[in-house]
Structure formats: C-alpha cells, structure tokens
Amino acid sequence: MKLREIALALKCALYGDGEIEIVGVAGLDQAGPGHLTFLANSKYALKVKQTRASAILAQHPVENAKIASLVSTNPYHDFARALEFFYQPPRPRPGIHPMSSIAASARVGPNASIGAFAVVGEGVRIGANVVLHPHVAIYEGAEVGDDFLAHSHATVREYCRIGNRVILQNGVVVGGDGFGFAKRADGTHYKIVQSGVTVIEDDVEIQSLTSVDRATVGETRVKRGAKIDSLVQIGHACEVGEDNIICAQTGLAGSSILKENVLLAGQVGISGHLTIHRDAIVYAQSGIGGDVAPGARVSGSPAFNAGEWLRAITAFQKLPEILKTVRQLKKRIEKPESI
C-alpha cells in the first residue's frame, strides 16, 4: 500500500515521498524498511533518528530525518487505524456448526457464525452478525445484541443482557453468581440466591478471564464503551461507567460505582459501597476505601492525592536515616553536654 494512499485514508498531511510502498506497521525499535511507525510521546523523539522505518506518524513533520512523515492530531489513534490496513483477525464464515447445540426456543439473527460445541440455551435471543467461537455458552433467557463476538470458553449466564458490538475474550464470565452468603447462628454460611442480572451495554470489550458478577437483587451494569482488561473482578451490583478503562488484576467489591471516564490502573482494590466520580485516575496498586472526587488523581493504600503520595513515598525511603537522627537528638536533650 503506497504511503499517499494511507495518508488519504487517514486524512493525514503527507510530507515526503508518497510513492513509498508500505508493507506493515511497527514500533520505533522494531520497524524496518517498508514499515510505518509512530511517535505519540515526545520522550521517545530521540529514537526517531535511529528507526529504520520508511515513514512515521507524528503530530509534526519530522525534521532532519530521512523518513517521510504523516502528520496527525492523534498519532496513536491513527496508528491503530493503520494497523487495520495490514491485519484483520480471521472471522469464521456464517453458519451453524452441526456439533453446536441450539435450543429449539432460541432465536438467532441473520449472518451468525456459531462454532462447534457452542451452546445456546432455551429462550435466548441473539442479534445479527454474531460470532460464537467453539465452546461458548449462552445460558437460558439471555439476550445478545448485534455484532457480538465471543471467543472460546466465554460464558453469558441466565437472563443477562448484552448490547451491540460487544467483545468477550476467552474465558470471560458474564453473570456468574455474586459472592453473597449469610452467616447462620452456628457460624456456617447460607448461600444467598443471586436473583439479579448483569447488563453489558454497547461497545464494551472485556478481556480474558474476567468475571462480571450478577447482582443479588437488581443488576450489575457495565456502561457503553467501557474497556475491561484481563483478570478483573467486578462484584455484584457494581456500576462501571461510560468509557471507563479498568486494567488487569483490579477488583471491585460489591456496589462500587464508577462514573464516566474513570481510569483504574493495574491491581487497584476497591472496598465497595462507594463512588469514584468522573474523570478520576487511580494509580496502580492503590487501595480505595472511600469516595474519590471528580477529576482526582489518587495513589497508595489507603489512597490519597497522587502528588502528596509521591512526596510521602520519597520520605518513606529516608525514614531509617530520619529515625537515627531523631534518636540522636533525643539523647542530646535527655543528657545535655556539660558546659
């Protein structure tokens, strides 16, 4: 694909030879001749002179470099779009495999592809252009929208609802039982029936081996556009807001509420029955025990203002030295030197 064709498709300004043949895309370090690379962060600018790529996506034309430039207001986004010119994940052909199991009362929309050993339960409603890879299970009464993609061993439990253009990666469980038990007088645990459902709205993607539990009563809801990484636990009756990013190994205890555009970095723990307000960022390995204000940046466990946390953690490393100094001063106060 010629560079000028890519520039036209991405609506980017072209600086340099538009007749260069581009055969793929790659990062600055991995790129070679015929590759398109990108610069989205200025701290990597020194690598531009070292890259072997034939062209680069950047916010400004690259000066004093021997490669062509595509100028973009959002290089990372346009790089992601350029990837699609050279690679598209394989999509199974439409059709229902004879070794799948589709209940007689289920309704499957047009142009669906259902793989071997996939199971669609009684009363299920599935929209158009759906792909169920082998060993996907859709339990009784579930409703699934159009353009749904579920990879092998993903499960949608009974009566849960899935919107349009939702992607479930391998091993995702939507609507597994919430962790609810009542303690008897003798100290044993009585299982509480999890009568609620899980609702996944449009344009959500959930990565491998993540669980989104059903509610005890009511619903657990993941709102439009949220992206949830692998190995995340969303507890019962939680609400994940629009366009949230939740990174790997994060856990939300029951009834946690995340408003719009929240970012949770990896290994964040949330104690539940609290609200993280819109545009908040919670940094990695933070422990959240109370509400987080709109637009806040918090870190640590228990979490507090990220700027203060950085100063505190710097001081923490010096505590042995500080403690030694305090002990010396204490001795001088208790036993002053004779004059």
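Values computed for the structure shown
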{"read-out": "Farthest toward positive dipole pole in the chain [+1 Lys/Arg, -1 Asp/Glu at C-beta], among 287, 44, 325", "value": "325"}
{"read-out": "Burial ordering of 193, 212, 173, fewest other beta-carbon atoms within 10 Å first", "value": "193, 173, 212"}
{"read-out": "Residue-span extension gain [residue 314 to residue 41] - 0.36 nm each, minus C-alpha spacing", "value": "95.7 nm"}
{"read-out": "Of 159, 127, 148, farthest towards positive along the dipole that unit charges on Lys, Arg, Asp, Glu beta carbons give the stretch 107-207", "value": "159"}
{"read-out": "Mean Cβ neighbour count within 10 Å, used as a protection proxy, ranking 213-219, 28-34 highest first", "value": "213-219, 28-34"}
{"read-out": "Exposure proxy ranking, count of Cβ atoms within 10 Å, fewest first, for 155, 37, 275", "value": "275, 155, 37"}
{"read-out": "Ellipticity estimate at 222 nm from DSSP helix runs (n ≥ 4, -39,500 (n - 2.57)) divided over the chain, nearest 500", "value": "-4500 deg cm²/dmol"}
{"read-out": "Correct choice for volume of the Cα convex hull per residue in Å³ that was computed from the model, options (i) 214; (ii) 134; (iii) 200", "value": "(i)"}
{"read-out": "Inter-probe distance in nm under a simple model that places probes 7 Å from Cα toward Cβ, at residue 30 and residue 73", "value": "3.0"}
{"read-out": "Extension gain from residue 324 to residue 97, taking 0.36 nm per residue of separation minus the Cα-Cα distance", "value": "74.4 nm"}
{"read-out": "Charge context of residue 296, other residues only, Cβ under 11 angstrom, K/R +1, D/E -1", "value": "0"}
{"read-out": "Percent RCO, i.e. relative contact order, over the stretch 3-86, from Cα pairs under 8 Å lying at least 6 residues apart", "value": "30"}
{"read-out": "Computed over the stretch 150-269: relative contact order in percent, which uses C-alpha pairs under 8 Å that are six or more apart", "value": "19"}
{"read-out": "Alpha-carbon spread of the stretch 127-244, three principal axes, descending order, Å", "value": "52, 29, 24"}
{"read-out": "Sorted by Cβ density within 10 Å, fewest first, the residues 220, 314", "value": "314, 220"}
{"read-out": "Dipole magnitude of the chain, debye to nearest 20 (Cβ charges: Lys/Arg +1, Asp/Glu -1, about Cα centre)", "value": "1240"}
{"read-out": "Spacing of the two label points (7 Å from each Cα toward its C-beta) at residue 305 and residue 249, in nm", "value": "2.9"}
{"read-out": "Relative contact order of the chain, pairs being alpha-carbon contacts under 8 Å that are 6 or more residues apart, as %", "value": "6"}
{"read-out": "Chain lengthening between residue 267 and residue 186 when straightened (0.36 nm per residue, less Cα-Cα)", "value": "25.6 nm"}
{"read-out": "Centre separation in Å (Cα based) which lies between the stretch 69-98 and the stretch 128-167", "value": "22"}
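Coordinate-derived values only; no laboratory data. These figures come from a predicted structure and were not determined experimentally. Cβ: placed from backbone, ideal geometry, glycine included. Neighbour counts: every protein chain shown.
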